[in-house]
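Q: Here it is, the structure, as structure tokens.
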Amino acid sequence: PPSGVSLSVQPPGGQVALGDSLVLSCTVAMGTGPLSFSWHRENSGATLGTGPRLELRHVGDNDSGLYQCRVSDGESVAQSVPLNVTVL
């Protein structure tokens with residue numbers, strides 16, 4: 001099963017100016033087979049994207065919040081610690 005899921009963010013610290021771009025990257029320390037990625041924001045049921053990288057262009061006030069990456073190998077799911085994004 002996948003494990004050691006971690007997030008990195010550009011710009012560093014997750015603080016992004018209104019209208020700028022935000023890039024989140026998800027890495028997995030261990031996991032075999034085809035892995036699928038999905039991105040989620042706290043209190044939103046929608047999947048924001050699939051793949052190891054999520055880019056939000058022209059962020060708005062409503063893009064602030066906790067973001068999380070989930071990784072599945074088809075049988076089990078691991079998720080990252082939520083990352084706080086602040087739109088300035």
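Any read-out appearing in this document is the output of simple, stated calculations on the displayed coordinates, not a laboratory observation. As the structure is a prediction and not an experimental result, all values here were calculated from the model. Every residue, glycine as well, gets a Cβ built from its backbone with ideal geometry; the counts of neighbours run over all protein chains shown.
Q: If I take R0 = 35 Å and measure r between the Cβ atoms of residue 20 and residue 75 in this structure, what FRET efficiency does the formula 1/(1 + (r/R0)^6) give, to the nearest 0.05?
A: So the FRET efficiency works out to roughly 0.35.
Q: Now, a different point. Counting only residues 5 or more places away or on other chains, whose amide H sits under 5 Å from the amide H of residue 20 once H atoms are built in the peptide plane?
A: Hits under the 5 Å cutoff: 59.
Q: Within region 13-27, name every residue whose backbone N is under 14 Å away from a label modeled 7 Å from Cα of residue 84 along the Cβ vector.
A: 13-16
Q: Given H placed on each backbone N at 1.01 Å, which residues far from residue 64 in sequence or on other chains put an amide H within less than 5 Å of it?
A: For residue 64, whose amide H was placed from the backbone, the distant partners under 5 Å are 87.
Q: Going by average Cβ density within 10 Å per residue, which order do the peptides 7-16, 63-72 take, highest to lowest?
A: Working: 7-16: 14.5, 63-72: 19.2.
Ranking the peptides 7-16, 63-72 by packing returns 63-72, 7-16.
Q: Same structure again: At 0.36 nm per residue, minus the direct Cα-Cα distance, what do residue 36 and residue 10 gain on full extension? Give it in nm, one decimal, please.
A: 7.2 nm
Q: Each residue of region 36-51 in turn: what ³J(HN,Hα) in whole Hz from Karplus with 6.51, -1.76, 1.60 and θ = phi - 60°, glycine and Pro shown as x?
A: 10, 10, 9, 10, 9, 10, 3, 6, 10, x, 6, 7, 7, x, 10, x
Q: Turning to a different aspect of this structure: How far, in nm, would the chain grow between residue 55 and residue 29 when pulled straight, counting 0.36 nm per residue and subtracting the alpha carbon separation? Before the final figure, lay out each step's value.
A: Details: separation 26, 0.36 × 26 = 9.36 nm, distance 2.16 nm.
Going from the current span to full extension adds 7.2 nm.
Q: Next question, about the same structure. Give me D for region 3-87 in µm² s⁻¹, whole number, from Stokes-Einstein with Rh from the Kirkwood sum over alpha-carbon pairs, 37 °C and 0.692 mPa s.
A: On the way: Rh = 13.0 Å.
Value of D from the Cα-based Kirkwood radius: 252 µm²/s.
Q: Treat every Asp and Glu Cβ in the chain as -1 and every Lys and Arg Cβ as +1, leave all other atoms uncharged, and give the resulting dipole magnitude about the Cα centre to the nearest 20 debye. Before the final figure, lay out each step's value.
A: Numbers: 4 positive and 7 negative charges, 16 e Å.
My answer is approximately 80 debye.
Q: Considering Cα pairs under 8 angstrom that are at least six residues apart, work out the relative contact order of region 3-87 and quote it in whole percent.
A: Contact order relative to length: 37 percent.
Q: Mind listing the phi-derived Karplus ³J(HN,Hα) values for region 18-28, rounded to whole Hz, using 6.51, -1.76 and 1.60 with θ = phi - 60°, and x for any glycine or proline?
A: After applying 6.51 cos²θ - 1.76 cosθ + 1.60, I find 3, x, 7, 9, 10, 10, 10, 10, 10, 10, 10 Hz.
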